[in-house]
1. Out of everything in the stretch 85-97 that is open to solvent by less than 20 Å² (accessible area, probe 1.4 Å) and outside any strand (DSSP E or B), what residue ends up being farthest from residue 38 (Cα to Cα)?
2. Which residues, taken from the stretch 1-38, are touching an Asp or Glu at 6+ places or on another chain (Cβ under 6 Å) and open to solvent by less than 60 Å² (accessible area, probe 1.4 Å)?
3. Within the stretch 46-68, work out how many residues are closer than 16 Å to residue 90 by Cβ, free of Cβ contacts under 8 Å to residues at least 12 places away in the same chain and out of contact with any strand residue (DSSP E or B) (no Cβ under 6 Å at 6 or more places or on another chain).
4. Residues that are more than 17 Å from residue 81 (Cβ to Cβ) and without any contact (Cβ under 8 Å) to a residue 12 or more places away in the chain: does the stretch 14-34 have at least one?
5. Could you check the stretch 47-67 and list, in sequence order, the residues that are modelled with pLDDT of 95 or more and polar (S, T, N, Q)?
6. Name the single residue that is farthest from residue 82 (Cα to Cα) among those in the stretch 46-59 being out of contact with any Ser or Thr (no Cβ under 6 Å at 6 or more places or on another chain) and surrounded by 11 or more Cβ atoms within 10 Å (Cβ to Cβ).
7. Got a number for residues in the stretch 69-84 being over 15 Å from residue 58 (Cβ atoms), touching a residue at least 12 places away in the same chain (Cβ under 8 Å) and open to solvent by 40 Å² or more (accessible area, probe 1.4 Å)?
8. Residue check: is residue 43 surrounded by fewer than 19 Cβ atoms within 10 Å (Cβ to Cβ) and in contact with a helix residue (DSSP H, G or I) (Cβ under 9 Å, 6 or more places away or on another chain)?
Amino acid sequence: QVQLAESGGGSVQLGGSLRHSCRVPNKQITEISRVSWHRQAPGKQSEMVASVNGYGRIYYENGPEGRFTISRDIAKNIVYLQMNNLQPDDTGVYYCKADQNLARTSTWGRGTQVTVSS
């Protein structure tokens, strides 16, 4: 199975920046169908923020694409989510997720808390 080592999160003031990292220690990210970032605000359903597939194709949704950037370091097997100009509504738990279509499996990271204060 795909293993994920997620790090990042933290507390930041309005307008600050944070970077999440999702490292895959046992699989090349180019061999993973899709790695995506999700977030769940308190009391709300989880939503996908951005994703990158094994070919490097990037997809953004749910609004923060102008402030958030997904990228990957193939050599290090890490997918990043750079978050700039953070707003209080960005507060929530952020998860990375790896999908393998052929194996029909999904792996979730442990999640990290992001808190943005005014």
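The values are calculated or read from the model by the stated rules, or taken from the named source; none is laboratory data. Since we're looking at a predicted model, the values are computed, not measured. Every residue, glycine as well, gets a Cβ built from its backbone with ideal geometry; the counts of neighbours run over all protein chains shown. All accessible areas refer to the heavy atoms of the entire protein, side chains included, with ligands and DNA or RNA removed. Shrake-Rupley method; radii C 1.70, N 1.55, O 1.52, S 1.80 Å.
1. Top of the filtered list is 86.
2. Result: 22, 33.
3. 2
4. Checking the stretch 14-34: not a single residue is more than 17 Å from residue 81 (Cβ to Cβ) and without any contact (Cβ under 8 Å) to a residue 12 or more places away in the chain.
5. Residues satisfying the conditions are 51, 53.
6. Across the stretch 46-59, the extreme among qualifying residues is 46.
7. Count: 2.
8. no
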